[in-house]
Amino acid sequence: MTSNPKRYKSAPITEAVIEIRIQPPESFGKTAVEKLAESFKPEFPKQAPMRLLQMGVAAQNQAEDAVFTSSQGVIGYRLSKVDDSRILQVRRDGFAYSHMAPYTDWATFRAEAQPLWERYRSSVRDVKLARCALRYINRVNIPGAKIEPYDYFTLYPKIPEQLPQQDVMGMAMNLQMPQPDIECVAVLNQALVEPAKPGHISIIFDIDIFRLGIETWQDSEVWAFLDKLRDRKNEIFEACITDRTRELIDQ
């Protein structure tokens, strides 16, 4: 594992997320979630409900026309600090904490998130856990009007030589990679997006690592495993970028 990862001066992380999901009990409904969200208001004054849209088709019998139905239910709340530097989600099915850019470091991020989780956990003490995840969304801004992806990434889509080698107008790639040694899955997304500033090309590199089947775990095991996920995230990131990218994000 990468115990002392490289620290870059201009880390391209736009958002880092710690997420823990639970198997919600019936007692943890809309009112309980709303009350919990309200308790975070001093630190996260900007609050908005999160809704789940459900749609269906119903007919009383074959002679009647089908009727489309839809309903919305509040499943949680999205809370944020005044400056939007941190975002907290409290939902019926779990908790998520986001560190927005500029990113500090894992120790700071983890130390902020764990006490918030403990406060969430106090409302659902006896439930089983379901999933834990760590996600880092990176945006690499590369100067120039045209680049070769292999100059900056070791992971990239390759156009077959039999096809015209023209400029690519868009790119989106998704890989789901089991990590058997730590029993989790890494989902890698890479996409060409609108440039963040003129004269640049912007590429998103999104690393999402998660583990299911943690119903018997204690909270301490989850946080110890999140440390492992962070190390694996670093290994994946370093394996997928080139020295040109390292130079770019270390300025």
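Values quoted throughout were computed directly from the atomic coordinates according to the rules given, and no laboratory measurement underlies them. Model, not experiment: these values are computed from the prediction. Positions of Cβ are generated from backbone atoms using ideal geometry, with glycine treated the same way; all protein chains shown enter the neighbour counts.
Data for the structure
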| read-out | value |
| --- | --- |
| Net charge of Cβ neighbours under 12 Å - reference MET173; Lys, Arg +1; Asp, Glu -1 | 0 |
| Distance in nm between pseudo-label sites at TYR8 and MET177 (7 Å out along the Cβ direction from Cα) | 1.6 |
| For the chain, built as a Gaussian network whose Cα springs stay under 10 Å, the top-fluctuating residue of ALA48, ALA130, ALA145 | ALA145 |
| The range 150-222, dipole about Cα centre (Lys/Arg Cβ +1, Asp/Glu Cβ -1), debye to the nearest 20 | 320 |
| Choice from ASN141, ASN234, ASN174 with maximal GNM fluctuation in the chain (Cα, 10 Å cutoff) | ASN174 |
| In Hz, Karplus ³J(HN,Hα) per residue of the range 75-81 (6.51, -1.76, 1.60; θ = phi - 60°; x = Gly, Pro) | 10, x, 9, 9, 10, 9, 6 |
| Placed amide H near LYS128: partners under 5 Å, 5+ positions off or other chain | GLN23 |
| Karplus 3J(HN,Hα) series, Hz, for the range 6-11 with 6.51 cos²θ - 1.76 cosθ + 1.60 (x for Gly, Pro) | 5, 9, 9, 5, 10, 3 |
| Whole-Hz ³J(HN,Hα) from phi, Karplus 6.51 cos²θ - 1.76 cosθ + 1.60, for the range 227-239, glycine and proline x | 4, 5, 5, 5, 4, 5, 4, 4, 5, 5, 4, 5, 5 |
| Contact order normalised by residue count of the chain, Cα under 8 Å, 6+ apart, percent | 24 |
| Alpha-carbon Debye profile of the chain, log10 I(q)/I(0) at 0.07, 0.13, 0.16, 0.18 Å⁻¹ | -0.32, -0.94, -1.21, -1.37 |
| Leading residue at positive end of dipole, the chain (Cβ point charges), from PRO149, PHE109, PHE225 | PHE109 |
| Residue order, fewest to most surrounding Cβ atoms within 10 angstrom, among ILE137, ILE182, ILE20, ILE159 | ILE159, ILE182, ILE137, ILE20 |
| Cα-centre dipole for the range 107-197 with unit charges at Cβ (Lys and Arg positive, Asp and Glu negative), debye to 20 | 500 |
